[in-house]
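The values are calculated or read from the model by the stated rules, or taken from the named source; none is laboratory data. Small disclaimer: the values here were computed from a predicted structure and weren't measured. Cβ placement follows ideal geometry from the backbone for every residue including glycine, while neighbour counts extend to all protein chains displayed. All accessible areas refer to the heavy atoms of the entire protein, side chains included, with ligands and DNA or RNA removed. Shrake-Rupley method; radii C 1.70, N 1.55, O 1.52, S 1.80 Å.
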Amino acid sequence: MRTTDHVLDLDLVAGKQSHASRAAGVVGVMTAAWRMFRSRCEIARLNELDDRHLLDMGLRREDVREAITSPFFDNPASYLTRASRNRVSLFYKGIRHD
């Protein structure tokens with residue numbers, strides 16, 4: 001009976017990435033930056049609405065302004081969602097917040 005030794009060569013050196021892995025990382029960062037930019041453009045369009053329409057969504061103009069001026073990689077949409085939910089919660093508790 002004969003045994004055969006098999007050698008499995010894995011490139012597992014710490015810190016060494018393949019070109020495909022680096023490219024995927026760069027594409028991921030660029031995609032995230034593009035989404036954030038598009039999100040900010042859409043949120044900036046909320047400024048075209050009057051205050052009554054914003055309040056119907058549970059937002060105030062200050063919320064939109066703060067979302068747009070937040071740090072670039074912070075998600076401004078999540079900020080607006082929180083602001084709106086907080087305002088609606090206060091409304092249902094009987095606290096007028098407009």
Review point. Condition test on Arg82, is it surrounded by 10 or more Cβ atoms within 10 Å (Cβ to Cβ), touching an Asp or Glu at 6+ places or on another chain (Cβ under 8 Å) and modelled with pLDDT of 90 or more?
Key: no
Practice item. Just one of (1) among the basic types (Lys, Arg); (2) modelled with pLDDT of 85 or more; (3) open to solvent by 80 Å² or more (accessible area, probe 1.4 Å) trips up Lys16, so point out which. Key: (2)
Study note, to complete from the structure: Restricted to segment 69-79 and to residues being without any contact (Cβ under 8 Å) to a residue 12 or more places away in the chain and out of contact with any Phe, Trp or Tyr (no Cβ under 9 Å at 6 or more places or on another chain), the residue least open to solvent (accessible area, probe 1.4 Å) is Ser78
Exercise for review: Tell me which residues, restricted to segment 48-68, are open to solvent by 70 Å² or more (accessible area, probe 1.4 Å) and at pLDDT below 90.
Suggested key: Asp56, Met57
Exercise for review: Could you please find all residues in segment 62-98 being within 22 Å of Trp34 (Cα to Cα), within 14 Å of the chain's Cα centre (by Cα) and assigned to a helix (DSSP H, G or I)?
Suggested key: Ala67, Ile68, Pro76, Ala77, Ser78, Tyr79, Leu80, Thr81
Study note, to complete from the structure: Given (1) of a type in the set (Val, Ile, Thr); (2) at pLDDT 90 or above; (3) open to solvent by 90 Å² or more (accessible area, probe 1.4 Å), Val7 misses just (2)
